[in-house]
1. I'd like to check something: does segment 33-48 contain any residue that is in contact with a Pro (Cβ under 8 Å, 6 or more places away or on another chain) and farther than 29 Å from V242 by Cα?
2. Which one of the conditions (1) of a type in the set (D, E, K, R); (2) modelled with pLDDT of 95 or more; (3) within 26 Å of the chain's Cα centre (by Cα) does R65 fail to meet, given that it meets all the rest?
3. Just to verify a result, which residue in segment 138-156, among those that are part of a helix (DSSP H, G or I) and of a type in the set (A, V, I, L, M), is farthest from A378 (Cα to Cα)?
4. For segment 56-86, name all the residues that are of a type in the set (V, I, T) and either in contact with a Phe, Trp or Tyr (Cβ under 9 Å, 6 or more places away or on another chain) or exposed (fewer than 15 other Cβ atoms within 10 Å of the Cβ) (or both).
5. Mind telling me which of the residues V322, V286, V314 ends up being modelled with pLDDT under 90, among the hydrophobic types (A, V, I, L, M, F, W, C) and assigned by TED's automatic domain parsing to the domain that holds P235?
6. For A331, are the conditions met, namely being closer than 20 Å to Y207 by Cα and crowded, with 24+ Cβ neighbours inside 10 Å?
7. Take residues that are β-branched (V, I, T), surrounded by fewer than 16 Cβ atoms within 10 Å (Cβ to Cβ) and touching a residue at least 12 places away in the same chain (Cβ under 8 Å) and tell me which of the strands (runs of 3 or more DSSP E) falling wholly in segment 176-280 contain 3 or more.
Amino acid sequence: MRIFVTARADLSGQATTPGGMVHLLEVCRNLHSLGHEVTLFVGSHGQYKEVTPFQIVYVPMIPLRFLEVASFPFFLFLHLVAWGLLKKCDIIYENTVGYSFSGLVAARILRVPHTMHVHGFTPDEMKMGGHGWLRLALVRFFERWNYRFSDALFCVTPVVREKVCETYGVSSDTSYFIYNGVDADRCRPMAKEEAAHALGRDPTKEYVGFIGYLFPWSGVEQLILAAPAILRECPKTRFVVVGHGLWGDHLPALTEKAGVSNRFDFVGYQPWEKIPLYCNLFDVGVTPYPSTDGVGSYRSSMKTLEYSAAGRPVVITRARGVSDIVEAANAGIVIEPDNSSALAEAITKLLKDPDLRKTMGENGRHLIEKEYTWRQVAQKMATVFENLLK
């Protein structure tokens, strides 16, 4: 199949969430590895520095705030139609929706199926982020008609699928639940000492870590609140927060208030290539989503998969479609959200029991290899594509 992939992404990694960029590139890379011809159309924010086996087309944009939002869909539409007429395509797959009908209209002109990925329920996320009613209304408008007229939607959790179907009147026959994946070859278990040496860290310390773009629903505040109790039981512990975002400037002040600022390292944005090192540095990986507005209860957590792929146990708050995977595989400890005491107790239990950490880490690695690689994600998507073309 010849697949056109679209995304309003910054492949330099500065304006796009790390998880979002990983998802986009891994889907493209694995669809290509399955024998499909993939062409990725992205905004001209910044170019990807690595060589890819698929072609990347950088769509021009007018670099002014509001004109950038409007110009990208216009030029994307022109590129899709022109490339479709010249090179032909069988499927248009949009990794993100944006403020646009470009992919949908281009697909109708080219008479090919249109598909989209749904990474979350955007209205809930925007409310937590404090966005105004006008922007929220625009997002609802574009999502409603894109989702309703798309030939297939790939939803990352069952709850996201249910909310999209209920809110926008999408048929369950055109929506599919496909959980995120992880590159099990790139993110594989290695000796903690090796990871610590590569990162310039003391391997004799115990590390509790969080990886992810900092959103209001990331839950790092709960980890900070849990830290004093953890340190009383495990005084050699250090806490490492990997990630950046539009949220989180207040976190260092919270560590000061809790009296643990000397035990927290906020290392900011880290290149994709370093994430496996941090996963292997951690003795425990945490995913402490809060319950606020329900967003934390249905996120699709790639960080959790990466911890497990590295053979590290996970402490995660209960979130349908995420924590049940960890629980069923006995790959970590599941706690209720917004409970820093339970979070501290679970982390302390794992830090004090190396055998339990080893068992849960091995269970998680086995789970990833069996069910949650990016190749398996791409295979499921390709099956849907093939059915649409029959």
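The values are calculated or read from the model by the stated rules, or taken from the named source; none is laboratory data. Everything quoted here is computed from the prediction, not taken from an experiment. All Cβ positions, even for glycine, are placed from backbone atoms using ideal geometry, and neighbour counts span all protein chains on display.
1. yes
2. Result: R65 passes all but (2).
3. L138
4. I56, V57, V59, I62, V69 - these are the residues of segment 56-86 that are of a type in the set (V, I, T) and either in contact with a Phe, Trp or Tyr (Cβ under 9 Å, 6 or more places away or on another chain) or exposed (fewer than 15 other Cβ atoms within 10 Å of the Cβ) (or both).
5. Matching residue, one of V322, V286, V314: V322.
6. When the stated conditions are applied, A331 passes them.
7. Values: elements: 206-211, 237-242, 264-268.
Output list is empty.
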